[in-house]
There are 2 protein chains.
Amino acid sequence: MTEFAQRTNRQFRLARRPVGMPTRDDWQETSEPVEAPPVGGVLVQTLALSLDPAMRGWMNEGKSYIAPVGIGEVMRAGGIGRVLASSHAGFSVGDLVAGALGVQAYASFGPAEASRAGLARIDRRLGTITQWLNVLGMPGMTAYFGLLDVGQPKPGDTVVVSGAAGAVGQTVGQLAKIKGCRVVGIAGGRAKCDWVVNELGFDACIDYKAGQVRAGLKEHCPRGVDIYFDNVGGDILDEVLARLAMHARIVICGAISQYNNTAPVQGPRNYLSLLVHRARMQGMVVFDYTDRFPQAVAELSGYLRDGRLKSREDVVQGLEQFPEALNRLFTGENFGKLVLQVVQDAPLTA
Amino acid sequence: MTEFAQRTNRQFRLARRPVGMPTRDDWQETSEPVEAPPVGGVLVQTLALSLDPAMRGWMNEGKSYIAPVGIGEVMRAGGIGRVLASSHAGFSVGDLVAGALGVQAYASFGPAEASRAGLARIDRRLGTITQWLNVLGMPGMTAYFGLLDVGQPKPGDTVVVSGAAGAVGQTVGQLAKIKGCRVVGIAGGRAKCDWVVNELGFDACIDYKAGQVRAGLKEHCPRGVDIYFDNVGGDILDEVLARLAMHARIVICGAISQYNNTAPVQGPRNYLSLLVHRARMQGMVVFDYTDRFPQAVAELSGYLRDGRLKSREDVVQGLEQFPEALNRLFTGENFGKLVLQVVQDAPLTA
């Protein structure tokens, strides 16, 4: 009997591999008593979870950049929590930590597990909890290294980013502006496009739901596209391929339009534009850059502080909302970085 | 009346834009008297022409890396000829020259045209005429800069090249071997595969006509593919994408499987393997490297001389055979670099 045994952990486990869009039946809700952590380990109460398009990929069988979540396992998710108990040298009770907590109310780690989960203390002076899940978290790191390392922007470049109002896209575009580029977003709906232009300072934003992608690219990228940061794949990737500038760089970060396909992935028919324009298309995975996260956090938190970088999070209340909340990413219903608040009164945004 | 007026120039002009595989009706044969060249110009008798897959692309309307051949214009083609008359400072009667001669028996150039056609004297001590159309010509330059500049091979890399017995592929594979790589070719038919392994020294060759691509890649690339030099596109590109090594480089040189498509180009469905493997796919066009051709010619002719580099050309006799000869590229009937011999007794291979 431990001091936590009166608490109950609730979890979402993967019940089966979804076909197409996940449904409630693809998940199994479980609950179990909270136990003290192993010797040298740490027990964390989840405050908020990051919901990301990549999670859909982790639910599939097959080789990818990370092992799939096993059937019956707690669904993998990044999050931020508070340390409730610790005999780990790196963590003290009360610390705020980020890491792969999983879709559950409490996460217990042995020493090796804590390392594998990337558990690390966060500094609240650099940003709010939601910002630590967004600009200072995986989406921000993805934007930073994808744009700067893979895209290699030069002042005056025309940068196009899809999913422009999403977690990664919002930081890609603002960072490209800071680096002196002309930035054109692609997003779904007037409200997102207006926000991206009026609040974030993008030069233009194309509403793909209005079917304006081709015309919009022609209008807003008269000298072609130097960098395309692709979060969506599908038809939009093809439209951008058709408008590349010479020596263009396409950063393949994701392909959210394809993740719930039951048909084969739609390959980019216009890929020979890479040849015509001596362009390159390159994939990136944020986990390759962990050693350099502190550098990115320092730079991005500076921009947050001086107001050059804004962030928007879309917070859904309640662990029990997880299945429906996740699917909002694929219907485009989220507006900003999607966060699942697990503890109701947690001070996420202050 | 000039000294050449008794000679007749014969030409193949583009009569219309082909749909699918070109037919005789897409060409117009014309003849006209040979005239003295303009002041400061040069008159060249075509000895042999290079027939290349890229020519199919030049017959299509639309933006590409080079303007399409106009309807009624002499078909563009690289070739080697002998100077018959010259008031150009760079050329003397009797010189052997390479350049964009066109599909015609005689080519006349003003000074600016000679420059635009890339007309340059060739040094027969460095290679035979057919070698100057192959290893020391555009195919060899494409192989050299595509492999070395874009592919960036390291010793021990596994290099896969499609169209392995073709003009570009044969040099890509041999050059990769010289640079210390393990080389796997993909070619059509047992004879080509045997030649590539037994004569050129590739480590293995996969016969795509036997439907062995997936199994062959699995067998011969157990640690994945570090560099794929793609001349063909289509299903083979997808199969290689499915077997990339981490940080792989795909050189997009061409897509011969798609050039006669009447349907849209088949995009690579497995392109998200670029993300999984942090790989890049990059297009190249040989004309970007003209300033560095002398460096490549020096290196490649050295390998020819010391026997480390072999070349094979497939010579078709007679300008009048042009339409059928060109199509052999698309059926895979050619075995080695396809050359159209225009002057019957020209010493092409000695």
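The values are calculated or read from the model by the stated rules, or taken from the named source; none is laboratory data. Model, not experiment: these values are computed from the prediction. Cβ: placed from backbone, ideal geometry, glycine included. Neighbour counts: every protein chain shown.
Of all residues in region B:140-199, those satisfying the criterion of being in contact (Cβ under 8 Å) with a residue 40 or more places away in the chain, under 22 Å from B:F335 (Cβ atoms) and among the polar types (S, T, N, Q) are B:T142, B:S162, B:Q170, B:T171, B:Q174. On inspection, B:Y289 passes the criterion of being among the hydroxyl-bearing types (S, T, Y), in contact (Cβ under 8 Å) with a residue 60 or more places away in the chain and closer than 30 Å to A:G283 by Cβ. Within region A:1-22, at least one residue is surrounded by fewer than 14 Cβ atoms within 10 Å (Cβ to Cβ), touching a Pro at 6+ places or on another chain (Cβ under 6 Å), away from chain B (no Cβ under 14 Å) and at pLDDT below 95. Candidates A:R76, A:R82, A:R24: the one that is basic (K, R) and in contact with a Ser or Thr (Cβ under 9 Å, 6 or more places away or on another chain) is A:R82. Put simply, of B:L200, B:L147, B:L175 the only residue that is at pLDDT 95 or above, under 14 Å from B:R308 (Cα atoms) and within 17 Å of the chain's Cα centre (by Cα) is B:L175. A:G254 meets the conditions (1) under 25 Å from A:Q170 (Cβ atoms); (2) touching a helix residue (DSSP H, G or I) at 6+ places or on another chain (Cβ under 6 Å); (3) part of a loop (DSSP other than H, G, I, E, B) in every case but one. The failed one is (2).
Return the residues of region B:62-106 that are among the aliphatic types (A, V, I, L, M), crowded, with 16+ Cβ neighbours inside 10 Å, part of a loop (DSSP other than H, G, I, E, B) and more than 14 Å from the chain's Cα centre (by Cα); say none if nothing qualifies.
Within region B:62-106, B:V69, B:M75, B:L101, B:V103, B:A105 qualify.
If you check A:A350, A:A298 for being among the aliphatic types (A, V, I, L, M) and out of contact with any helix residue (DSSP H, G or I) (no Cβ under 9 Å at 6 or more places or on another chain), only one passes: A:A298.
Mind checking whether some residue in region B:74-86 is hydroxyl-bearing (S, T, Y) and over 21 Å from B:F330 (Cα atoms)? Walk me through it before giving the result.
Going through region B:74-86, the residues hydroxyl-bearing (S, T, Y) turn out to be B:86.
Then keep just the ones that are over 21 Å from B:F330 (Cα atoms); that gives B:86.
Looking through region B:74-86, at least one residue is hydroxyl-bearing (S, T, Y) and over 21 Å from B:F330 (Cα atoms).
Regarding region A:206-213, can at least one residue be identified that is within 14 Å of chain B (Cβ to nearest Cβ) and aliphatic (A, V, I, L, M)? Among the residues of region A:206-213, not one is within 14 Å of chain B (Cβ to nearest Cβ) and aliphatic (A, V, I, L, M), which makes the answer no. On the stretch given as region B:142-162, residues that are β-branched (V, I, T) and under 16 Å from B:M284 (Cβ atoms) total 4.
Does B:F322 satisfy the condition of being touching a residue at least 12 places away in the same chain (Cβ under 8 Å), in the same structural domain as B:R17 (by TED's automatic domain parsing) and touching a helix residue (DSSP H, G or I) at 6+ places or on another chain (Cβ under 9 Å)? Walk me through it before giving the result.
Details: touching a residue at least 12 places away in the same chain (Cβ under 8 Å): yes; in the same structural domain as B:R17 (by TED's automatic domain parsing): yes; touching a helix residue (DSSP H, G or I) at 6+ places or on another chain (Cβ under 9 Å): no.
For B:F322, the condition - touching a residue at least 12 places away in the same chain (Cβ under 8 Å), in the same structural domain as B:R17 (by TED's automatic domain parsing) and touching a helix residue (DSSP H, G or I) at 6+ places or on another chain (Cβ under 9 Å) - is not met.
Let's see how each residue does on (1) surrounded by fewer than 24 Cβ atoms within 10 Å (Cβ to Cβ); (2) out of contact with any Lys or Arg (no Cβ under 6 Å at 6 or more places or on another chain); (3) in the same structural domain as A:G163 (by TED's automatic domain parsing):
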residue: A:G188; (1), (2), (3): yes, no, yes
residue: A:C193; (1), (2), (3): no, yes, yes
residue: A:H220; (1), (2), (3): yes, yes, yes
residue: A:V225; (1), (2), (3): no, no, yes
residue: A:Y228; (1), (2), (3): no, yes, yes
residue: A:A242; (1), (2), (3): yes, yes, yes
residue: A:Q266; (1), (2), (3): yes, yes, yes
residue: A:Y271; (1), (2), (3): no, yes, yes
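Report, by residue number, each residue of region B:56-95 that is of a type in the set (K, R) and within 14 Å of another protein chain (Cβ to nearest Cβ). Across region B:56-95, the qualifying residues are B:R56, B:K63.
Within region B:291-350, can you find the residues that are among the aliphatic types (A, V, I, L, M), within 27 Å of B:I186 (Cα to Cα) and surrounded by fewer than 16 Cβ atoms within 10 Å (Cβ to Cβ)? Before the answer, list the steps.
So the first thing to find is which residues in region B:291-350 are among the aliphatic types (A, V, I, L, M), and the list is B:296-298, B:300, B:304, B:309, B:315-316, B:319, B:325-326, B:329, B:338-340, B:342-343, B:346, B:348, B:350.
Next cut, within 27 Å of B:I186 (Cα to Cα) only: B:296-297, B:300, B:304, B:309, B:315-316, B:325-326, B:329, B:338-340.
The answer is none; no residue qualifies.
Looking at B:R292, B:R308, B:R278, B:R269 in this structure, which one is of a type in the set (D, E, K, R), in contact with a strand residue (DSSP E or B) (Cβ under 8 Å, 6 or more places away or on another chain) and either more than 13 Å from chain A (Cβ to nearest Cβ) or in a loop (DSSP other than H, G, I, E, B) (or both)? I'd like the intermediate steps shown before the answer.
Numbers: B:R292 fails: in contact with a strand residue (DSSP E or B) (Cβ under 8 Å, 6 or more places away or on another chain); B:R308 fails: in contact with a strand residue (DSSP E or B) (Cβ under 8 Å, 6 or more places away or on another chain); B:R269 fails: in contact with a strand residue (DSSP E or B) (Cβ under 8 Å, 6 or more places away or on another chain).
Unique residue meeting the criteria: B:R278.
For (1) farther than 23 Å from A:E29 by Cα; (2) touching a strand residue (DSSP E or B) at 6+ places or on another chain (Cβ under 7 Å), each residue gets a yes or a no:
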| position | (1), (2) |
| --- | --- |
| A:Y65 | yes, no |
| A:G72 | no, yes |
| A:S92 | yes, yes |
| A:G110 | yes, no |
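For region A:73-88, state whether one or more residues are modelled with pLDDT of 95 or more, more than 25 Å from A:A350 (Cα to Cα) and of a type in the set (D, E). Yes, some residue in region A:73-88 is modelled with pLDDT of 95 or more, more than 25 Å from A:A350 (Cα to Cα) and of a type in the set (D, E). If only residues of region B:222-266 that are without any contact (Cβ under 8 Å) to a residue 12 or more places away in the chain and within 11 Å of chain A (Cβ to nearest Cβ) are counted, the one that is farthest from A:S64 (Cα to Cα) is B:A263.
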